[in-house]
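These notes are about the structure you will find just below.
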């Protein structure tokens, strides 16, 4: 079977690596260069997007910010999964919020903003402080503001107005103000849904962010009530969208109660640990789902952590001297803050994982890999 992935980055690369043993052949469409390429070698195929759509049996994606003409063309073929509604929800916070409201899945109270008075009104409606996010084109902490006092309104509105003005009649720009939630931690759940509606869900993962970017994810024992809330949210949202493929949902954990932060209609950074921590990774399960194959086992086989490699020229070879540690390199041009790769580490118990993380902390500088040592110490105490 031939599959086209919209996007030619590291997620398409990892899908391809998991697809090959299933006899699934992957090509990727780089929406920037408008070239069809091999996701591993980046070899260019002499195909237009239309040629590629005709050639493949299935189309999927590695990111949600897909140009509308490309998305429409793929959806019209009847081959695209997870579906247009899911991509639209993942790429526009206003659509995402409407979906959460319709399904009754809890999220932070909000107000949609398209003019300055809406921002002023949101202070009265929601109180201070506020988290303000662009509805379109925001990721990894970009396109966000914190409104802590009314004195900031004029300054922040000037920046917001530029974003709104950049929209068009066909593709308007908008902004959402959310009540700031005093959460205990951020968690996420990754799950897969196939074409028949069968669902397989991975254990809830605890995530740590630095400057708005994910730096470490931990998959260990989780409260059953928290896991059930995540499962319920996944079931409601995936069924409402008639979703096919892997879906990620990020939550705020507020005293044991989950509130959705955002959804991602694709394989997700916080699920990279599944490559070593489970029998069937998120990448393999996504390929299985869109190809019409049975879903694989999502049970936690080993306590696991994923450490992002941000802006580094390479991953230290020393990490491979530690048992059950694997490095994954993306082959991208180095840039400050860019996701260059990740490190997965797994163990039979929390204490064993803590020991491995302490060994990694001796190799990986804290300023480049925040949270590795503190996570280890917390596991020892638990």
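For region 267-283, a residue qualifies if it is part of a helix (DSSP H, G or I) and over 16 Å from the mean Cα position of the chain (by Cα), and the qualifying residues are 276, 277. Of 94, 107, 122, all but one fail to be more than 25 Å from the chain's Cα centre (by Cα), touching a residue at least 40 places away in the same chain (Cβ under 8 Å) and surrounded by 15 or more Cβ atoms within 10 Å (Cβ to Cβ); the exception is 122. Total residues in region 328-382 satisfying the condition of being on the phi > 0 side of the Ramachandran plot and surrounded by fewer than 15 Cβ atoms within 10 Å (Cβ to Cβ): the figure is 2. The residues of region 223-266 that are assigned to a loop (DSSP other than H, G, I, E, B) and either touching a strand residue (DSSP E or B) at 6+ places or on another chain (Cβ under 6 Å) or crowded, with 18+ Cβ neighbours inside 10 Å (or both), listed by number, are 241, 243, 244, 265, 266.
Select from region 214-229 the residues that are more than 19 Å from residue 301 (Cβ to Cβ) and at pLDDT 95 or above and write down the one among them that is nearest to the chain's Cα centre (by Cα). Here the answer is 214. Is it the case that region 30-51 has a residue that's touching a residue at least 40 places away in the same chain (Cβ under 8 Å) and closer than 26 Å to residue 242 by Cα? Checking region 30-51: not a single residue is touching a residue at least 40 places away in the same chain (Cβ under 8 Å) and closer than 26 Å to residue 242 by Cα.
Test residue 100 against the criterion of being without any contact (Cβ under 8 Å) to a residue 60 or more places away in the chain, touching a helix residue (DSSP H, G or I) at 6+ places or on another chain (Cβ under 9 Å) and not assigned by TED's automatic domain parsing to the domain that holds residue 143, and give yes or no. No; evaluated as a whole, the condition is false for this residue.
Residues of region 69-89 that are buried (at least 22 other Cβ atoms within 10 Å of the Cβ), in a helix (DSSP H, G or I) and touching a helix residue (DSSP H, G or I) at 6+ places or on another chain (Cβ under 7 Å): 74, 87, 89. The single condition among (1) in contact with a helix residue (DSSP H, G or I) (Cβ under 7 Å, 6 or more places away or on another chain); (2) part of a helix (DSSP H, G or I); (3) closer than 26 Å to residue 136 by Cα that residue 19 does not satisfy is (3). The single condition among (1) over 22 Å from the mean Cα position of the chain (by Cα); (2) in a loop (DSSP other than H, G, I, E, B); (3) in the same structural domain as residue 19 (by TED's automatic domain parsing) that residue 64 does not meet is (1). Screening residue 313 with (1) assigned to a loop (DSSP other than H, G, I, E, B); (2) in contact (Cβ under 8 Å) with a residue 12 or more places away in the chain; (3) farther than 26 Å from residue 358 by Cα gives one miss only, at (3).
The values are calculated or read from the model by the stated rules, or taken from the named source; none is laboratory data. If you're wondering where the values come from, they're calculated on a predicted model, not measured in any experiment. FYI the Cβ positions are ideal-geometry reconstructions off the backbone, even for glycines, and counts take in every protein chain you see.
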